[in-house]
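**Student:** Sending over a structure as structure tokens; questions will come in a sec.
The numbers here are math on the coordinates, done by the rules we state, and not lab data. In this text, all values refer to a predicted model and were calculated from it rather than measured experimentally. Here Cβ is always computed from backbone atoms with ideal geometry, including for glycine, and neighbour counts include all displayed protein chains.
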Amino acid sequence: MSQTSSSSSSSSASSPQVRPKAGSLWQKWLPYLAAVGSLLAIWQIAAFFLPAYLLPDVPDVFVRLFGSMNDAEFTDGIQSSLLRLAWGYPIACLFGAALGLIAGVSQAFAVYLRSLISILQAIPPITWVPFFVILLGFGNATIITVIVIASFFPMALSVLNATEGVNRTHLELARVLGANKLQLLTKVFAPESLPAFVTGAQVAFGNAWRSLIAAEMVGGAAIGLGYYSRWRGEVADMEGVLMSILVIGTIAAVLDLVLLEWLKRRLLRYRYVKTGGAE
Amino acid sequence: MQTIHVDHATKRFGSLEVLKQVDFRLEQGEFAAIVGPSGCGKSTVLRMIAGLDHPTEGTVSANQKPIEAPHPSRVLIFQEHALYPWRTVEKNVAFGLELAGMPKKECQNRVDALLKKVGLSGFQSYYPHQLSGGMRQRASIARALAMDPEVLLLDEPFGALDAITKITMQNELLRLWEGSGKTVLLITHDIDEAIYLADTIHVMSPRPGVIVETIRSEVPRPRNRNGADFVHLREKIMTHLDLAK
């Protein structure tokens, strides 16, 4: 944001630096490692009792996974899934945020949007797949449309609730200091809805990714991670199925924990500044 | 400079009468206070002068012109939640100037000077949640002063502060006001605060809000909170509020 660089230089306050304690990095990551580790452990213990064609060992699947990095069918699948996500998710976010903002200003539109959302929410996103396959054909257009339908509404709802709940004092203060309508929107409504925008983006991401994989699995496309996993299932290739699950989970977790978390801390920087110190 | 005239203002919210025939003048450069219990409608009077509310009957005018909308020459200081949490102290103080489109450089100089004046030098890049209650209210006051308003409207500005900080802030406020020529209207439920700060005290009683008495304080400054005339004034106000034994 713009408020960082110019300000810190002029400040002469000597704030006590908060140094991270030794081992705090380890402490921070331990819960994540424990979560991953316990899942893998349960899998491995079960694998001891089951034949390999029903449940392969954990190391075998990882070996297969690294081997598959040269398998064009698999990597192309990942690529096309990510491409669809890269189109569908931002469109859904922008679309949802715009609808939410408009609804925040217009009471009638808010009622309309809420009912629209409750109808769309009642329909599982993948039920749209056959409809759009007939309309748009197999492939990207269908899947991206399904992603948008599945993930715009958490964003729209989140932003709508935020604009409706904007602090009255914040608005009146701006009016007292001479703000016009546009300034109210850009200087109070927008920054005040930003936390909701971030929350909406996080929920929307989960929806987008799940509907993407599901849509690929039920036949919206002939390439992609979801498609790959279903196809491996049909030929009873358990290693391939597990490998797909691993990749699907990892991609989502990494994007969520790293990318969205980074975005959150950047946009809502003021919330993460420690009490009693500037930086 | 402006003279504010609240002319037989009555305010109703639905069937609820909040204010009844409130009538007083705010002379240029005077420090006035409205004192009364919570919910007596004193904030509504302030909001009407700020242009955020309008009387149901009667008028509220500045220099004989009815007040229709907020104007930067009359700035309201709120009790709390008044700083934007996403803005640093200096960005908060600069908010009004930014709205008016003042050049960055000029804005920065003015903000720095004001922060120094209210004792917040060096806290430019702090966020509100990093400050104590007293410091936040200092920043609020600095933001209002940045507009160089003719009239300052204070809505229980120190109500959320502890007793000791409150006294410090009252002295600060006096220091900032003295010689500035600004008109100040303070809303408070703290009788001592009103007597310590104001020259004109309007005593308000609730349901519906009416001004039961207007007292011109003759107590010389700096005022001794335990002086005989101070105590006498306190007793007088308490009698008007039916608080005396």
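**Student:** Under the definition of partner shielding as Cβ atoms of other protein chains within 10 Å of a residue Cβ, what is the mean value for peptide B:88-99?
**Tutor:** 4
**Student:** While we're here: List every residue whose amide H lies under 5 Å from the amide H of residue B:34, counting only residues 5 or more places away in sequence or on a different chain, with H placed 1.01 Å from N in the peptide plane.
**Tutor:** Distant-sequence amide H within range of residue B:34: B:186, B:187, B:188, B:202.
**Student:** Give me the orientation-averaged projected area of the Cα convex hull of segment B:99-245, in nm², one decimal.
**Tutor:** Its average projected convex-hull area is 10.9 nm².
**Student:** To continue, here is another question. If R₀ is 41 angstrom, what is the calculated FRET efficiency for the pair residue A:131 and residue A:30, using the beta carbon separation as r and rounding to 0.05?
**Tutor:** 0.35
**Student:** Charges on Cβ only, +1 for Lys and Arg, -1 for Asp and Glu, centred on the Cα centroid of chain B; of B:46, B:28, B:89, which one is farthest towards the dipole's positive end?
**Tutor:** After comparing all options, I get B:89.
**Student:** How high is the relative contact order of chain A, in percent, with contacts defined as C-alpha pairs under 8 Å that are six or more residues apart?
**Tutor:** It rounds to 25 percent for chain A.
**Student:** For labels at residue B:104 and residue B:73 in the simple 7 Å Cα→Cβ model, what's the distance in nm?
**Tutor:** For the pair residue B:104/residue B:73, the computed spacing is 3.2 nm.
**Student:** Let me ask you something else. Give me a comma-separated list of calculated 3J(HN,Hα) values for segment A:175-192, in order, Karplus coefficients 6.51, -1.76, 1.60 applied at θ = phi - 60°, integers in Hz, x for any Gly or Pro.
**Tutor:** Each residue of segment A:175-192 in turn: 5, 4, 7, x, 6, 8, 4, 5, 5, 4, 5, 7, 9, 10, 4, 5, x, 6 Hz.
**Student:** Can you figure out the FRET efficiency of residue B:56 with residue A:236, using R₀ = 51 Å and their beta-carbon distance, to the nearest 0.05?
**Tutor:** 0.05
**Student:** A follow-up question, please. Among the aspartates and glutamates, which fall within straight-line cross-link reach of residue A:264, defined as a Cα-Cα distance under 13 Å, with same-chain neighbours fewer than 8 residues apart omitted?
**Tutor:** Of all the aspartates and glutamates, those that pass the test against residue A:264 - Cα under 13 Å, at least 8 places apart if same chain - are A:256.
**Student:** I'd like to compare A:66-79, B:87-100, B:29-42: which one has the highest average count of other Cβ atoms within 10 Å, and what's the full order after that?
**Tutor:** B:87-100, B:29-42, A:66-79
**Student:** Taking every residue in B:117-126, how many Cβ atoms of other protein chains lie within 10 Å of its Cβ, on average?
**Tutor:** What the average comes to for B:117-126 is 5.
**Student:** Given a Förster distance of 45 angstrom, what is the FRET efficiency for residue A:114 paired with residue A:48, based on the Cβ-Cβ distance and rounded to 0.05?
**Tutor:** Plugging the Cβ-Cβ distance into 1/(1 + (r/R0)^6) gives 0.30.
**Student:** A further question on this structure: With chain B treated as a Gaussian network of Cα nodes joined by springs under 10 Å, which of B:102, B:48, B:147 yields the largest mean-square fluctuation?
**Tutor:** Its mean-square fluctuation being the largest, the pick is B:102.
**Student:** If you don't mind, another one. Each label point is 7 Å from the Cα along the Cα-to-Cβ direction; what then is the distance between the points at residue A:250 and residue A:121, in nm?
**Tutor:** For the pair residue A:250/residue A:121, the computed spacing is 3.5 nm.
**Student:** I would also like to ask the following. Take peptide A:176-188, look around each residue's Cβ out to 10 angstrom, count Cβ atoms belonging to other protein chains, and average those counts.
**Tutor:** 5
**Student:** If the only charges are +1 at each Lys and Arg Cβ and -1 at each Asp and Glu Cβ, what is the size of the charge dipole of segment A:56-272 around the Cα centre, to the nearest 20 debye?
**Tutor:** 1220
**Student:** Can you give me the C-alpha center-to-center distance between segment B:23-78 and segment A:183-230, rounded to a whole angstrom?
**Tutor:** For segment B:23-78 versus segment A:183-230, the Cα centre distance is 49 Å.
**Student:** Using only Cα atoms, tell me the angle between helix A:107-122 and the longest principal axis of chain A; keep it within 0 to 90° and round to the nearest 10.
**Tutor:** That helix lies at roughly 10 degrees to the long axis.
**Student:** If you don't mind, there's one more thing I want to ask. If amide hydrogens are placed 1.01 Å from N in the peptide plane, which non-local residues have theirs closer than 5 Å to the one on residue B:60?
**Tutor:** Under 5 Å from the amide H of residue B:60: B:7, B:67.
**Student:** Could you work out how far helix B:163-177 tilts from the main Cα principal axis of chain B, as a 0 to 90 degree angle to the nearest 10?
**Tutor:** The helix B:163-177 is inclined about 80 degrees to chain B.
**Student:** Place a +1 charge on the Cβ of each Lys and Arg in the protein assembly as shown and a -1 charge on the Cβ of each Asp and Glu, then give the dipole magnitude about the Cα centre in debye, rounded to the nearest 20.
**Tutor:** Once rounded to the nearest 20, the dipole reads 760 debye.
**Student:** Also, I was wondering about something else. Setting aside same-chain residues fewer than 8 positions from residue B:11, which aspartates and glutamates have a Cα under 14 Å from its Cα?
**Tutor:** Of all the aspartates and glutamates, those that pass the test against residue B:11 - Cα under 14 Å, at least 8 places apart if same chain - are B:23, B:53, B:57.
**Student:** Separate question: Cross-link candidates for residue B:236: which lysines have Cα within less than 22 Å, leaving aside residues fewer than 8 places away along the same chain?
**Tutor:** Hits, sequence-local ones excluded: B:42, B:245.
**Student:** Considering amide H positions built from the backbone, and no H for Pro or chain starts, which residues 5 or more places from residue B:209, or on another chain, come under 5 Å of its amide H?
**Tutor:** B:19, B:20
**Student:** Under a Cβ-only charge scheme (Lys and Arg +1, Asp and Glu -1), can you give me the dipole magnitude of chain B about the Cα centre, in debye to the nearest 20?
**Tutor:** Around 500 debye, computed over chain B.
**Student:** Now a separate question. If one computes the Cα centroid of segment B:147-201 and of segment A:27-67, what distance in Å separates the two points?
**Tutor:** Each part's Cα centre sits 67 Å from the other's.
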